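The values are calculated or read from the model by the stated rules, or taken from the named source; none is laboratory data. Every value quoted in this text rests on a predicted model; they were computed, and no experiment measured them. Here the Cβ positions follow ideal geometry from the backbone for every residue, glycine too, while neighbour counts run over all protein chains shown.
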Amino acid sequence: MATMRKRLSLEECREVAQKATQEALRKVNIPKVIKDDLVLGTRWNGDLIIFELYLPGKRPEDALIISKATVNSCTGKVFVVVKYEGDESN
C-alpha cells in the first residue's frame, strides 16, 4: 500500500519561497524606496503556490512585479523568476 506524502503548509511553502527569492535577488540592486513598499501576493494553481513580490501601482495592471516564486506543495520544489533587473543609479 502506497503512503501519501503530507503536503507542505502555506507557511512552509512561504518559507521555501522566501529563502529561494532572497538568494535569487542577492545580485539585484533594488532601491530602498521600492523595498519599503513591496507587497507579497499569493495565489494557488492546483498543487502549486505562487508568491509574487511586487510594487503596487495606481491600478492593478500598473504593478511592478519584482519576482515570482512557484512552490510545489507536494514536493517542496521551488522555481524563482526575477523580473526586476535592478537600478544602477542607487
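Brief remarks follow.
- Every test in (1) of a type in the set (F, W, Y); (2) at pLDDT 95 or above; (3) not in a strand (DSSP E or B) is passed by Y84 save one, and that test is (2).
- Number of the condition not met by G41 [criteria: (1) in contact with a Leu (Cβ under 9 Å, 6 or more places away or on another chain); (2) free of Cβ contacts under 8 Å to residues at least 12 places away in the same chain]: (2)
- Test result for K83, surrounded by fewer than 16 Cβ atoms within 10 Å (Cβ to Cβ), within 14 Å of E12 (Cα to Cα) and charged (D, E, K, R): no
- Pair list, Cβ under 8 Å, 6 or more apart: segment 11-34 residue more than 17 Å from K68 (Cβ to Cβ), other residue in a helix (DSSP H, G or I) and modelled with pLDDT of 95 or more: none
- Conditions (1) out of contact with any Asp or Glu (no Cβ under 8 Å at 6 or more places or on another chain); (2) surrounded by fewer than 17 Cβ atoms within 10 Å (Cβ to Cβ); number of the one not met by Y54: (2)
- For segment 8-41, a residue qualifies if it is exposed (fewer than 13 other Cβ atoms within 10 Å of the Cβ) and in a strand (DSSP E or B), and exactly one does: V39.
- Here is the figure for segment 42-67: residues that are farther than 14 Å from E15 by Cα and assigned to a strand (DSSP E or B) total 10.
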